[in-house]
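J.: Please see the structure below; I have some questions.
The values are calculated or read from the model by the stated rules, or taken from the named source; none is laboratory data. Given the structure is predicted, the values throughout are model-derived calculations rather than measurements. Cβ placement follows ideal geometry from the backbone for every residue including glycine, while neighbour counts extend to all protein chains displayed. The protein model used for the area step is the full one, side chains on, heavy atoms only, and it has no ligands, DNA or RNA in it. Shrake-Rupley method; radii C 1.70, N 1.55, O 1.52, S 1.80 Å.
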Amino acid sequence: MDEQSLIAAEHRRRRLSVDGDAAGLEAMMADGFYYAHLNGMTDDRLSYLARIRAGQVQYTTMTAHDLDAHLIGTAGWIRGVSRVGYRRPDTGEEGLAETLFLSVWAHEDGAWRIAAYASTQLPAQG
């Protein structure tokens, strides 16, 4: 249990999201999982997984860089920059968002499980 294993879990979660692997994502989620989307929408564990299983949003890319990870006891958090490409099958809308993010993780039963995720817009350049 170290910062590098926590960062590896974040990258794995992103790969599973692009693959649409709801079962893999579910195995990585803490029971009280909470997700605050860039648009202000929120999901708990059940609603997030339902959206993935229904294909309501399809992620075309999901990467993270400039990562900073910290451990506090059996928990940890990562902050960094996220780049997410998405497609909404119902509308045909496609987009790319680059955001700041914070993910909170718990180390349970020998594995990292994501407990919370939130993102916000990058500061304006200028």
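J.: I need the full set of residues from the range 2-35 which are closer than 14 Å to Ser82 by Cβ and either within 10 Å of the chain's Cα centre (by Cα) or among the basic types (Lys, Arg) (or both), in order please. Let's see the steps before the verdict.
T.: Here is the first cut: in the range 2-35, the residues closer than 14 Å to Ser82 by Cβ are 7, 10-11, 13-15, 17-18, 35.
Across the range 2-35, the qualifying residues are Glu10, His11, Arg13, Arg14, Arg15, Ser17, Tyr35.
J.: May I pose another question? Go through the range 1-14 residue by residue and tally those that are of a type outside the set (Val, Ile, Thr) and either at pLDDT below 95 or more than 18 Å from Arg45 (Cα to Cα) (or both).
T.: First pass over the range 1-14, keeping only residues of a type outside the set (Val, Ile, Thr): 1-6, 8-14.
Remaining after also requiring either at pLDDT below 95 or more than 18 Å from Arg45 (Cα to Cα) (or both): 1-6, 8, 11.
Counting residues in the range 1-14 that are of a type outside the set (Val, Ile, Thr) and either at pLDDT below 95 or more than 18 Å from Arg45 (Cα to Cα) (or both) gives 8.
J.: Consider Thr120 carefully, then state whether it is more than 19 Å from Met28 (Cα to Cα), of a type in the set (Ser, Thr, Tyr) and assigned to a strand (DSSP E or B).
T.: Numbers: more than 19 Å from Met28 (Cα to Cα): yes; of a type in the set (Ser, Thr, Tyr): yes; assigned to a strand (DSSP E or B): yes.
Yes: the conditions hold for Thr120.
J.: Now for a different question. Would you please list the contacts, defined by Cβ atoms under 6 Å and residues six or more apart or on different chains, that run from a residue in the range 4-23 that is in contact (Cβ under 8 Å) with a residue 40 or more places away in the chain to a residue that is hydrophobic (A, V, I, L, M, F, W, C) and open to solvent by 40 Å² or more (accessible area, probe 1.4 Å)?
T.: Within 6 Å, the pairs are Ile7/Leu67.
J.: Just give me the residues in the range 111-122 being surrounded by fewer than 16 Cβ atoms within 10 Å (Cβ to Cβ) and modelled with pLDDT of 95 or more, in sequence order. Break it down into steps so the answer makes sense when it comes.
T.: The first filter runs over the range 111-122 and keeps only residues surrounded by fewer than 16 Cβ atoms within 10 Å (Cβ to Cβ), leaving 111, 120-122.
The one that is surrounded by fewer than 16 Cβ atoms within 10 Å (Cβ to Cβ) and modelled with pLDDT of 95 or more: Ala111.
J.: Looking only at strands (runs of 3 or more DSSP E) that lie completely in the range 2-90, which have at least 3 residues being under 15 Å from Phe101 (Cα atoms) and open to solvent by less than 60 Å² (accessible area, probe 1.4 Å)? First the steps, then the outcome.
T.: On the way: elements: 29-36, 42-44, 58-72, 75-87.
Answer list for the range 2-90: 58-72, 75-87.
J.: Of the residues Glu108, Glu94, only one is in contact (Cβ under 8 Å) with a residue 40 or more places away in the chain, acidic (Asp, Glu) and either open to solvent by less than 70 Å² (accessible area, probe 1.4 Å) or in contact with a Ser or Thr (Cβ under 9 Å, 6 or more places away or on another chain) (or both); which?
T.: Unique residue meeting the criteria: Glu108.
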